[in-house]
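Below: one structure in structure tokens.
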Ligand code: BEZ
């Protein structure tokens with residue numbers, strides 16, 4: 001299915017993976033998931049990307065997020081490639097890689113962009129919340145490796161703003177002030193937050209309540 005939008009339920013699927021067959025929603029459970037595609041095994045950019053995701057194991061766990069990769073290559077090839085990734089990254093690949101040979105998952109999530117060269121997947125990312133809703137999507141071309149620090153930062157932003165009413169400013173990092181929702185008057189905000197700063201009537205900063 002092309003054209004998945006934020007707020008949609010992430011389509012469920014069954015797939016063969018390096019950790020055995022999975023049913024996506026069951027595998028994911030009530031936590032968050034990071035579903036990300038890559039074009040092909042034994043390619044340089046993809047090797048660095050899957051290695052970086054492996055090295056960030058503790059960061060995903062801290063955010064209650066499971067990661068799962070997908071490409072259209074077969075599972076035995078994924079297994080062979082995992083050794084290279086682990087060697088390059090210095091961390092084992094202990095998350096599943098989907099073998100999407102019939103392109104079921106790639107088509108379902110609109111990961112195939114024929115204008116990008118061929119019928120392998122581009123570099124898509126879906127952040128999916130505990131209710132299976134798609135909360136963020138990213139699409140990168142095959143030539144540009146993703147910044148997984150930014151994906152963690154976005155996950156942090158989603159998780160903190162879910163406890164709102166606030167949103168995060170440009171380049172926000174954990175520990176920095178957030179922006180109070182426009183639905184709150186500054187007076188209301190001052191009664192709910194300890195340190196409200198009104199830069200403009202529509203731009204009020206505050207610390208995230210502990
Ligand atoms: C890479 O991972 O380096 C790559 C894969 C497919 C197309 C272009 C680059």
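Before we move on, is residue 130 touching a residue at least 60 places away in the same chain (Cβ under 8 Å), in the same structural domain as residue 50 (by TED's automatic domain parsing), over 30 Å from residue 42 (Cα atoms) and away from the ligand (no atom under 16 Å from the Cβ)?
yes
Still on this structure, please answer the following. Since residue 43 meets every condition but one in (1) farther than 27 Å from residue 156 by Cα; (2) loosely packed, with under 13 Cβ neighbours inside 10 Å, which condition does it not meet?
Just one mismatch for residue 43, condition (2).
List every residue pair whose Cβ atoms sit under 7 Å apart, with the two residues 6 or more apart in sequence or on different chains, where the first one lies in segment 18-40 and is under 16 Å from residue 76 (Cα atoms) and touching a residue at least 40 places away in the same chain (Cβ under 8 Å) and the second, anywhere, is within 16 Å of the ligand (Cβ to nearest atom) and in a loop (DSSP other than H, G, I, E, B).
40/73; 40/120
Please determine whether any residue of segment 37-50 is at pLDDT 95 or above, out of contact with any helix residue (DSSP H, G or I) (no Cβ under 8 Å at 6 or more places or on another chain) and away from the ligand (no atom under 16 Å from the Cβ).
No, every residue in segment 37-50 fails to be at pLDDT 95 or above, out of contact with any helix residue (DSSP H, G or I) (no Cβ under 8 Å at 6 or more places or on another chain) and away from the ligand (no atom under 16 Å from the Cβ).
Using the structure shown, decide if residue 53 is within 16 Å of the ligand (Cβ to nearest atom), within 20 Å of the chain's Cα centre (by Cα) and surrounded by 15 or more Cβ atoms within 10 Å (Cβ to Cβ).
The answer is yes for residue 53.
Among the candidates 98, 112, single out the residue that is closer than 19 Å to residue 34 by Cβ and touching a strand residue (DSSP E or B) at 6+ places or on another chain (Cβ under 8 Å).
Being closer than 19 Å to residue 34 by Cβ and touching a strand residue (DSSP E or B) at 6+ places or on another chain (Cβ under 8 Å) holds for just one of 98, 112, which is 98.
Moving on. Taking into account only those residues within segment 143-172 that are surrounded by 18 or more Cβ atoms within 10 Å (Cβ to Cβ) and within 16 Å of the ligand (Cβ to nearest atom), which is farthest from residue 192 (Cα to Cα)?
Among those residues, the one meeting the criterion is 146.
Another one. Inspect all residues belonging to segment 80-94 and state whether any of them is in contact with a strand residue (DSSP E or B) (Cβ under 8 Å, 6 or more places away or on another chain), in the same structural domain as residue 55 (by TED's automatic domain parsing) and under 24 Å from residue 25 (Cβ atoms).
no
On to the next question. Of everything in segment 61-72 that's under 25 Å from residue 14 (Cβ atoms) and touching a helix residue (DSSP H, G or I) at 6+ places or on another chain (Cβ under 8 Å), which residue is nearest to the ligand (Cβ to nearest atom)?
71
The values are calculated or read from the model by the stated rules, or taken from the named source; none is laboratory data. The shown structure was predicted, so the numbers you read here are calculated from the model rather than taken from an experiment. Note: ideal-geometry Cβ built from the backbone for every residue, glycine included; neighbour counts use all protein chains shown.
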